[in-house]
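No lab work stands behind these numbers, since they all come straight from the coordinates. Computed from a prediction, not measured in an experiment: that's the story for all the values here. So basically every Cβ, Gly included, is an ideal-geometry build from the backbone, and we count neighbours across all protein chains shown.
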Amino acid sequence: MDTTFKALSVLLSYPSEELKAAAGEISEAIEKDSRLSSFIKMQLHKLLSELATRDLYDLQERYVLLFDRTRSLSLHLFEHVHGESRDRGQAMIDLKQMYEKHDLEIGASELPDFIPVFLEYLAVIPAAEGQEMIGQPAHIFAVLAERLRKRHSSYEAVFRALVALASVKLDDEVVSTLLREPDPDATDLKALDAAWEDQPVTFGPGAASCKDELIAKIRAGRRPAPGLAVSPNRPTISHS
């Protein structure tokens, strides 16, 4: 298992007492990974410190404002590729089937492109395959990192780490196109409503060419941190 992908998956999960308690274990996994620079590790430890020491309700409110209310920060990969287009449905099916081939079962109420779910999948597949897969949405991770940087959010570090792990040359045109999309503040309700009504993002001639493999492969509703205790009314993911 790639424990770094697992650790980053937990860091992007909805804050809970279980996540707070796991901070030390997550820190150890991050520190052992030679693929991450000392600076990225330092920034990840800063986020871990916040998660471990701050009031849980404050952490949960921050998470909701960032990732649930703000479309431009959605933790669902296909939101940044398909928007509300019909293509997303088939992409969800393809990704779910790919998970199942590796005995990763997703509940009926879940959607597969939720980034923590995707990272949990990467943690259990062969390293070479995981390396190829993490590179496909690298441009999305770079954009999320930049948007979080503008908000002075410590969650930026998770996406910087993912870009580093991807170790690919980013498509600057794709990144620039995504960064030009509306990125409203979570407190601006009118702007948020407008953002959710936007058309799906497309890139150049034949729109569907934006990382075709990703579109064919890579959403779950909020779910517990992988490997941690399950809270009431929250879907689960398990290995068969």
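Computed from backbone phi with θ = phi - 60° and the Karplus coefficients 6.51, -1.76 and 1.60, the 3J(HN,Hα) list for the range 22-33 is 8, 4, x, 5, 5, 4, 5, 4, 5, 5, 7, 7 Hz; x is used for glycine and proline. Between Thr3 and Phe39, the contour length at 0.36 nm per residue exceeds the alpha carbon distance by 11.0 nm.
Between Asp185 and Gln90, what's the calculated FRET efficiency when r is the beta-carbon distance and R0 is 30 Å? Round to 0.05. Between Asp185 and Gln90 the formula returns 0.35.
Measuring nothing but how far apart in sequence close Cα pairs (under 8 Å, 6+ apart) lie, relative to its length, the range 1-87 scores a relative contact order of 29 percent. If R0 is taken as 25 Å, the Cβ-Cβ distance between Ala52 and His152 corresponds to a FRET efficiency of 0.80.
Local charge for Glu105 was computed over the other residues whose Cβ lies under 12 Å away, with Lys and Arg +1 and Asp and Glu -1, and equals -2.
Residue farthest toward the positive end of the dipole of the range 1-102, with Cβ of Lys/Arg at +1 and Asp/Glu at -1: which of Val64, Met92, His45? Going by the Cα projections, it comes out as Met92.
Remark: for residue pairs Lys6/Lys41; Lys46/Lys96; Lys20/Lys41; Lys6/Lys96; Lys46/Lys150, the C-alpha separation exceeds 26 Å in Lys46/Lys96. With the Cα gyration tensor of the range 103-164 giving a ≥ b ≥ c as the square roots of its eigenvalues, does the rule (a/c under 1.5 for rounded; else a/b larger than b/c for prolate; else oblate) give rounded, prolate or oblate? Here the range 103-164 falls in the oblate category. Note on Glu25 and Ser167: with the Förster distance fixed at 30 Å, the Cβ-Cβ geometry gives a FRET efficiency of about 0.75.
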